[in-house]
Structure formats: structure tokens, C-alpha cells
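Structure, as C-alpha cells:
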Amino acid sequence: AAAASGGENFRDYADFERPLSAVSSHAWLAMHRGVELKLLRLSVAPRDEASVAAAVARACPPLRSYSARPGGGHRLCLALAEGAAAEAWSRLLKPSLAREVQRRALEAARSEAIECFAANLSPLLLAPPLRGTAVLGVDPGFAHGHKLAVVSAGTASVTAHATVKPPLPPRGSGSSGGGAGGSRGSSVHDGAAWGEAVRVIAELCDSHGVGAVAVGDGQNSREAQRLVAAAIAATRRGGGRLRYAVVRENGASIYSASDLAAAELGEVPLQHRAAVSIARRLADPLSEFVKIEPAALGVGMYQRDLPAKELGARLDAAVEDAVAAVGVEVNGASPSLLQRVAGLNRKTASALRAHIDTAGELSSRESLRQVPGIGPKTYVNIAGFLRITASDGAPLAEPLDATRVHPEAYAEARALFAAAGIGSRALFPRAP
């Protein structure tokens, strides 16, 4: 591979020469991207091209026939046949074989990348949710400030949003991403703008009962974390059990400008929708990450160069496995997740979400029957996948509604508890 002018990002592949067996999958994908951008020129050739061309010539039947005959009467025919064999190799066989080798190598690299995507996707979707508390999402920024959004416990509806503009960090301070750092730049924290930003965040936490803060891991995340830490200390609780977590923000900006975000968050300004997504990712990763375009999730290699259809299929399969493994907390689930539950489709999932938003949280699985479009058969299909929990931590009338036990098996479950001499309060401490 040879880099063209302007290919600084591909300088590792300038004059790149390796045996095919030693070229890794990510290298093939990188070189393919460079070729697509017309920043690299890629060629594949045998190590000893002269020997290969000679072997092609020897394999030509007319050459074998002429070379076996005595005398020199067939020299002209032999020369013509040798020229034809050489041209066949250089003009036809060599380019065709090179294209075939590149095609197979690129297919193998893409297959490995898709497997990498699938392997990293499940842990992302199955990350433990944060139940029973409101969450403040922080989308870090520079000149336009940090965007804030509070989502409620349970239904994860947006209850507040704001923007704060603390002083910018000094140029070259390396404030994008990373940890807390040292005590440099104390002047950054001086001034009315810093104090006002701390006050706004602390007031949002106090007035909305925020129990956790989710800070995006994008640019200027480090300064946002410092600001949040100062705001937590300034709350009426003086911090207490309030903590912040750094959350992946891959794809949040793409989602905020999508039609799906406009439908779900139509009353939330465009610039604050990414903060809502960041907050919900901490509250319920499974429900939120399914909304993100697979290529934007950032859990594989060169996802934007992979077939979107195959990535989407792997995402659907991973979501189905996750739903089967841990179920879906119905009160906080998004329509994008609900429609992936076996037995629900886009229409019934939207109806279920609308029913929760208007009538309030469901208190039992039996209340699923009140949702328009969910009949007896649909109820039987979906009941085992949907869990019921109360956002305020109140006990459920039927504790088994929070488990994977299907309502049809409740009687058997209770009989098993009784045979073992176990009461519901022992298994479910908050049971009535």
C-alpha cells in the first residue's frame, strides 16, 4: 500500500508490504477505507512474479507440444504461444487473481469485525440499570456549554433541561475525556460563571430528587466531571449518596437529530436531546442503546465500513437474547425496545408506551390487559418477558410480577414456596 498526498491518517500503511497471511483484519479494513477515500493505492502480487509467469507458460499445452518436437520448424509458433501465455498472465490472470484475493481477504476481515461487534454488544446491552431514582444527564461541550437534562425514575420522562456555560479550560490543558487530573488551572474555577453553573446543577439535583448524574465521555468530559463534583458538594445533601458516573455518549448526537428522537422528545429542544439520551443510558442501557444506529454504537472496529443490514441483524439478535435473559422493565422501556419483545409490534409497543405515559405506571402484569391492542393471546405471549417494578420502591401486590415467572405458573411457584416452607417476604423483602 502506498499513501497519496493528504493521507496522514493512513501513514502507517505508506509503503506497507506484508505476506497475505500476516495482514490482520483491522489492517485490511483500514487499507480498504484508504482506497475508498482515494488516499491509498493497494496492490497484491506474488513474491516471485517471474516464477509464476514461467509456471503459467509451462502449463500451456501448445508450449509443451512445441518444445517436445525436434528441429526448429516450430520456433515461430513457440514464440507466439509464449507471448500469448505471458499476456494471459499479465493482462488477465494476474489482475483477476489479485481482485479475488482482495475480495476474499476483505470478506474475512468484515466477518471478523461483525463478530467483534456482536461480542462487545451483549455486555453493553446487559449493563445493570439504575432503578428507582431520577437521573441528571450532562452532555459536555465547549463554547456552547454543557447541556443538562433530568429524567424521572420509572418512566424516564424528561422533567427539566438547561444549559450551563462555565469558563472554558485553558488552551492545551487536555480536558477532553480522562480522569480527574491534578490541581492545575485553579483560575478556571473562579468567577461568577463557574459559581452560576454549580448553582444550576445543584438546584436541579435538589428540586428533582436526582440520585445519580450521568456525564458523557466526549470532549471536555473532564471539566464537566469537575463541575458536577463541585455541584454535588453544593447540594442541600452535601453530596450524601449522590454520585456521578461517566457514560458512553457514542451516537447520542446522531440520535438527537433523528426522526425517532423528534417523535419521542418533540417538546425537548434539539440541543438537549443528547443529554436526555445520556441520562437514560445510565438508567436503562438496554432500553436506550437499541435506539442508536448500530454503526454509531462504537463497540467494534470500522463499523461504518460494514454492511448496515448485517450490523442491524446482529443488534436485533443481541436484543432478543437480552430480553430473553433479563426481561424488560415495562414502565421505563422505550417503544424501540418494547417492539422487540416477542408478541409485540411497533403499533402495540407504541400503544403500551402511550398508555403508561397517560395513565401512569403499571402496577401489575394484569394491568397489561387494559392496554388497547393487547388481547388475551398477546398477553400470554408477552407477560413472561415484561417485569413490573415500582419507581418509588413500594411493594407490589404480586411480587412475582417482578420475576421471569409467567403468570400461568404463579400457582405452581407458590406451591413450591409453600412446600419449601418459604414465604414471599423471605424471597421478596418488600412484599406486602
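Here are a few things to note about the model shown:
- Any hit, segment 115-135, residues being modelled with pLDDT of 95 or more, in contact with a helix residue (DSSP H, G or I) (Cβ under 6 Å, 6 or more places away or on another chain) and not basic (Lys, Arg): yes
- Of all residues in segment 102-117 being over 17 Å from the mean Cα position of the chain (by Cα) and aliphatic (A, V, I, L, M), the one that is surrounded by the fewest Cβ atoms within 10 Å (Cβ to Cβ): Ala108
- When Val276 is tested against the conditions (1) assigned to a helix (DSSP H, G or I); (2) crowded, with 22+ Cβ neighbours inside 10 Å; (3) in contact with a Phe, Trp or Tyr (Cβ under 6 Å, 6 or more places away or on another chain), the lone failure is (3).
- Check on Leu282, in contact (Cβ under 8 Å) with a residue 24 or more places away in the chain, out of contact with any Cys (no Cβ under 8 Å at 6 or more places or on another chain), open to solvent by less than 40 Å² (accessible area, probe 1.4 Å) and closer than 25 Å to Val150 by Cβ: yes
- Check on Ala325, part of a helix (DSSP H, G or I) and out of contact with any strand residue (DSSP E or B) (no Cβ under 7 Å at 6 or more places or on another chain): yes
- Within segment 151-168, tally of residues that are within 17 Å of Val198 (Cβ to Cβ), touching an Asp or Glu at 6+ places or on another chain (Cβ under 8 Å) and open to solvent by less than 30 Å² (accessible area, probe 1.4 Å): 2
- On the stretch given as segment 119-144, residues that are under 13 Å from the mean Cα position of the chain (by Cα) and surrounded by 18 or more Cβ atoms within 10 Å (Cβ to Cβ) total 3.
- Failed condition for Val215, given (1) at pLDDT 95 or above; (2) open to solvent by 30 Å² or more (accessible area, probe 1.4 Å); (3) not in a helix (DSSP H, G or I): (2)
- Every test in (1) in contact with a helix residue (DSSP H, G or I) (Cβ under 6 Å, 6 or more places away or on another chain); (2) part of a helix (DSSP H, G or I); (3) open to solvent by less than 10 Å² (accessible area, probe 1.4 Å); (4) under 30 Å from Thr389 (Cα atoms) is passed by Leu311 save one, and that test is (4).
- Matching residues, segment 233-243, being under 20 Å from Val151 (Cβ atoms) and either of a type in the set (D, E, K, R) or at pLDDT 95 or above (or both): Arg237, Arg241, Arg243
- On inspection, Arg99 does not qualify as touching a Ser or Thr at 6+ places or on another chain (Cβ under 9 Å), open to solvent by 50 Å² or more (accessible area, probe 1.4 Å) and among the basic types (Lys, Arg).
The values are calculated or read from the model by the stated rules, or taken from the named source; none is laboratory data. Computed from a predicted structure; not experimentally measured. So basically every Cβ, Gly included, is an ideal-geometry build from the backbone, and we count neighbours across all protein chains shown. In case anyone asks, the SASA skips ligands and DNA or RNA and just uses the protein heavy atoms, side chains included. Shrake-Rupley method; radii C 1.70, N 1.55, O 1.52, S 1.80 Å.
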